[in-house]
Amino acid sequence: MHTLITGISELRTVSELGTIKDASLLIDGGVIAWVGPAEEIPAGADAAERVDVGGRAVLPGWVDSHTHMVFDGNRAEEFEARMAGESYAAGGIAVTMEATRSAGAARLDQLLAERVAAGRAGGTTTFETKTGYGLNVESELEAARVASRHVDDVTFLGAHLVPPGAEVEAYVDEVVGPMLDAVKEHVQWIDVFCERGAFNDEQSRRVLEAGKAAGLGVRVHGNQLGEGPGVRLAVEMGAASVDHVNYLSDEDFELLAGSQTVATLLPACDLSTREQLAPGRRLIDAGATVAIASNLNPGTSFTSSMNFCVTTAVLQQHLTLDEAIGAATTGGAKALRRHNVGEGKDPQGRPAKGTLVPGAAADLHILDAENAINLAYRPGMPITWQTWVAGERVYG
Ligand code: NIG
């Protein structure tokens, strides 16, 4: 089934093909077959179904590479207290743990479906999510199973917090033993909250090594609440990403710049916790690869709006529009190892995400605007017109 999209005022391919004005795009079987100027539509495209988007801008769908969407309940009171001067403490995770444990799989399924739909309504086409509000074998397994029914990539985050009443070393034993055994067939990644008040360097390393030995890719929550070992550990372990990165030493910048580990900015979280914004400008200037993600969760970022995160990265973190769009598309794809390594394919030979080149997934974010600068120029205004996943319209 071929679809030819016409009437594109500005096609941001987020690739070496750059931005094409007055463009068209041909989709074949869920992947991009051709992109180029409207006057160069290939002859074979005549038989395709035509969709005219009326002079709107088209970019790759957002790749949201960091969320915690398997939860029930909310922490509005904690948030309100924070806005009145309290500081963020990870202990609130235990409140969400209680609500999530008692929710049941059917309710979690419904919540995940709603959260994915809300993300799509904001232009997100690829979703990662973590477990991490179950914190025992039964509930982490339930979270992993539910997540795997709704999102592209699932991350095991049993090492999110030591649950109340548990002793840390015994809990790490449980995470790397029975919990990992139970969830591993449902997840692709392992993660750890490497931070004062959660897991230290040594405990975090144990968790990541066990995940690696089980065949999982590695990612790290690091340097969110203060400088610490997270970035160094992530780089040493060959992690696909280290996320938060608010407090970095000079050495951390160098390590990130010299590695394949993506530094993921979570601007909505930084605003919600009133932490200093992650140094996105300096990371890019240093040569690090940067992603932007929503960090959807009830404690520090109760939003799935990637549009908001991209806007904030431009207005507050001083990324250019190109850099911010790149970070929220190919940056996220790199953080999930779904990026283009040639001919539109990812490292595993699947259609790449976060780029609009032949061979890549036909995941589109069509803006209700002639050009993408409106994301930052008109902050907060409704801007997602349609969202397409694998060549099918899923929103708008
Ligand atoms: O990424 N930092 C750790 N985990 C989440 C917050 C979890 C919570 O407070 O519920 C985050 O911000």
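The values are calculated or read from the model by the stated rules, or taken from the named source; none is laboratory data. These numbers come from a predicted model, not from an experiment. Positions of Cβ are generated from backbone atoms using ideal geometry, with glycine treated the same way; all protein chains shown enter the neighbour counts. Note: accessible area is taken over every heavy atom of the protein model, side chains too, but ligands, DNA and RNA are not part of it. Shrake-Rupley method; radii C 1.70, N 1.55, O 1.52, S 1.80 Å.
In the list Asp363, Asp346, Asp322, which residue meets the criterion of being among the acidic types (Asp, Glu) and closer than 25 Å to Ala234 by Cβ?
On inspection, the qualifying residue turns out to be Asp346.
Quick check on Val95: is it on the phi < 0 side of the Ramachandran plot and more than 12 Å from the ligand (Cβ to nearest atom)?
No: the conditions fail for Val95.
Answer yes if at least one residue in the range 357-368 is assigned by TED's automatic domain parsing to the domain that holds Thr96, surrounded by 24 or more Cβ atoms within 10 Å (Cβ to Cβ), in a loop (DSSP other than H, G, I, E, B) and under 18 Å from the mean Cα position of the chain (by Cα), and no otherwise.
No, because not a single residue in the range 357-368 is assigned by TED's automatic domain parsing to the domain that holds Thr96, surrounded by 24 or more Cβ atoms within 10 Å (Cβ to Cβ), in a loop (DSSP other than H, G, I, E, B) and under 18 Å from the mean Cα position of the chain (by Cα).
Taking the range 143-167, which residues are without any contact (Cβ under 8 Å) to a residue 60 or more places away in the chain, of a type in the set (A, V, I, L, M, F, W, C) and more than 16 Å from the ligand (Cβ to nearest atom)?
Within the range 143-167, Ala144, Ala166 meet the criteria.
Mind listing just one residue for me: the one in the range 285-308 that is in a loop (DSSP other than H, G, I, E, B) and more than 14 Å from the ligand (Cβ to nearest atom) and, of those, surrounded by the fewest Cβ atoms within 10 Å (Cβ to Cβ)?
Checked the range 285-308; the qualifying residue surrounded by the fewest Cβ atoms within 10 Å (Cβ to Cβ) is Gly287.
Quick check on the range 132-148. Is at least one of its residues closer than 30 Å to Leu59 by Cα and open to solvent by less than 30 Å² (accessible area, probe 1.4 Å)?
Scanning the range 132-148, I find at least one residue that is closer than 30 Å to Leu59 by Cα and open to solvent by less than 30 Å² (accessible area, probe 1.4 Å), so the answer is yes.
Every residue in the range 1-43 that is free of Cβ contacts under 8 Å to residues at least 24 places away in the same chain and more than 22 Å from Ile325 (Cβ to Cβ), please.
Within the range 1-43, Glu39, Glu40, Pro42, Ala43 qualify.
Could you list, ordered by first residue, the pairs with Cβ atoms under 7 Å in which the first is in the range 298-317 and farther than 9 Å from Gly122 by Cβ and the second is open to solvent by 30 Å² or more (accessible area, probe 1.4 Å) and more than 16 Å from the ligand (Cβ to nearest atom), at least 6 apart or interchain?
Sorted first by the residue in the range 298-317, then by its partner, the pairs are Thr311/Pro379; Leu315/Pro379; Gln317/Arg281.
In the range 224-238, how many residues are away from the ligand (no atom under 15 Å from the Cβ), part of a loop (DSSP other than H, G, I, E, B) and open to solvent by 40 Å² or more (accessible area, probe 1.4 Å)?
Here the count works out to 2.
Looking only at residues that are open to solvent by 10 Å² or more (accessible area, probe 1.4 Å) and among the polar types (S, T, N, Q) in the range 168-208, which one is farthest from the ligand (Cβ to nearest atom)?
If we take residues in the range 168-208 being open to solvent by 10 Å² or more (accessible area, probe 1.4 Å) and among the polar types (S, T, N, Q), then Gln188 is farthest from the ligand (Cβ to nearest atom).
Kindly indicate whether any position in the range 239-259 is assigned to a helix (DSSP H, G or I), without any contact (Cβ under 8 Å) to a residue 24 or more places away in the chain and in the same structural domain as Val172 (by TED's automatic domain parsing).
Yes, some residue in the range 239-259 is assigned to a helix (DSSP H, G or I), without any contact (Cβ under 8 Å) to a residue 24 or more places away in the chain and in the same structural domain as Val172 (by TED's automatic domain parsing).
Specify which of the listed residues (Ala291, Ala286) is small (Gly, Ala, Ser) and over 19 Å from the mean Cα position of the chain (by Cα).
Answer to the check: Ala286.
Of the conditions (1) under 24 Å from the mean Cα position of the chain (by Cα); (2) modelled with pLDDT of 95 or more; (3) surrounded by fewer than 16 Cβ atoms within 10 Å (Cβ to Cβ); (4) among the hydrophobic types (A, V, I, L, M, F, W, C), Ala89 clears all except one; give me its number.
If we test Ala89 against (1) under 24 Å from the mean Cα position of the chain (by Cα); (2) modelled with pLDDT of 95 or more; (3) surrounded by fewer than 16 Cβ atoms within 10 Å (Cβ to Cβ); (4) among the hydrophobic types (A, V, I, L, M, F, W, C), just (2) comes out false.
Out of the residues in the range 254-280 meeting the condition of being more than 16 Å from the ligand (Cβ to nearest atom) and open to solvent by 10 Å² or more (accessible area, probe 1.4 Å), tell me which one is nearest to Gly331 (Cα to Cα).
Gln260
Matching residues to (1) assigned by TED's automatic domain parsing to the domain that holds Gly158; (2) without any contact (Cβ under 8 Å) to a residue 40 or more places away in the chain; (3) open to solvent by less than 30 Å² (accessible area, probe 1.4 Å); (4) in contact with a helix residue (DSSP H, G or I) (Cβ under 8 Å, 6 or more places away or on another chain):
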position: Ala47; (1), (2), (3), (4): no, no, no, no
position: Val51; (1), (2), (3), (4): no, no, no, no
position: Glu78; (1), (2), (3), (4): yes, no, no, yes
position: Ala94; (1), (2), (3), (4): yes, no, yes, no
position: Ser102; (1), (2), (3), (4): yes, yes, no, no
position: Arg107; (1), (2), (3), (4): yes, yes, no, no
position: Arg120; (1), (2), (3), (4): yes, no, no, no
position: Thr124; (1), (2), (3), (4): yes, no, yes, yes
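Hey, any hits in the range 311-333 for a residue that's open to solvent by 50 Å² or more (accessible area, probe 1.4 Å) and within 15 Å of Ser241 (Cβ to Cβ)?
no
Just need a number here: residues in the range 348-383 that are in contact with a Pro (Cβ under 9 Å, 6 or more places away or on another chain) and not polar (S, T, N, Q).
Going through the range 348-383 one residue at a time, the tally reaches 11.
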